[in-house]
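Derivation of every value follows stated rules applied to the coordinates shown; laboratory data play no part. This structure is a prediction, so every number in the text was calculated from the model and none was measured. Glycine also receives a Cβ, built like all others from the backbone with ideal geometry; neighbour counts cover every protein chain displayed.
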Amino acid sequence: MDDDSDFGGARGGAEASASDPGGPGSGAAPDRPGLPGFLAGLGVERNAAVGAVVGLLAAALIYAVRVFELLGPAPADAGGPGLFLALAFVLAVGTALLVTVALTGLAAYREVQEL
């Protein structure tokens with residue numbers, strides 16, 4: 001028995017999509033802007049810049065509090081400034097990502113509300 005008989009004689013794969021005028025292999029360009037337009041519409045580039053600034057400011061503030069002992073001396077086993085510089089970098093990146101995602105989610109929510 002032929003395997004194609006289960007599907008009405010139609011062949012799957014590239015042959016089926018080539019005969020379909022709007023199929024994946026047809027080469028027809030969609031009438032939508034694509035991913036770059038989607039990201040621009042949500043303002044991801046601006047949101048990433050805002051997130052980076054907020055992350056750097058938060059990390060600089062926390063690092064300054066620790067290194068300059070603004071809240072009192074640190075415990076003896078707390079680690080040196082190099083360790084806290086690495087932790088400040090992680091804090092900056094994490095905060096930047098969190099702010100970027102939050103702002104982009106807010107922009108997406110506003111776009112959905114306009115529909």
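Starting at the first residue of segment 106-115, write each ³J(HN,Hα) from the Karplus equation 6.51 cos²θ - 1.76 cosθ + 1.60 with θ = phi - 60°, in whole Hz, x for Gly and Pro. Karplus-based 3J(HN,Hα) across segment 106-115 equals 5, 5, 5, 4, 5, 5, 5, 5, 6, 5 Hz.
Spin-label model, Y109 to L61: label points 7 Å out along the Cα-to-beta-carbon direction sit 2.2 nm apart.
Annotation for segment 61-109: chymotrypsin sites (Phe, Trp or Tyr not before Pro) lying in DSSP loop with at most 12 further Cβ atoms inside 10 Å of their Cβ are F68. Taking every Cα-Cα distance in segment 33-114 and sorting them into 5 Å bins from zero, the calculated P(r) comes out as 3, 15, 18, 16, 12, 10, 8, 7, 5, 4, 1, 0 percent. The V50 and L87 beta-carbon pair, evaluated with R₀ = 22 Å, returns a calculated FRET efficiency of approximately 0.45.
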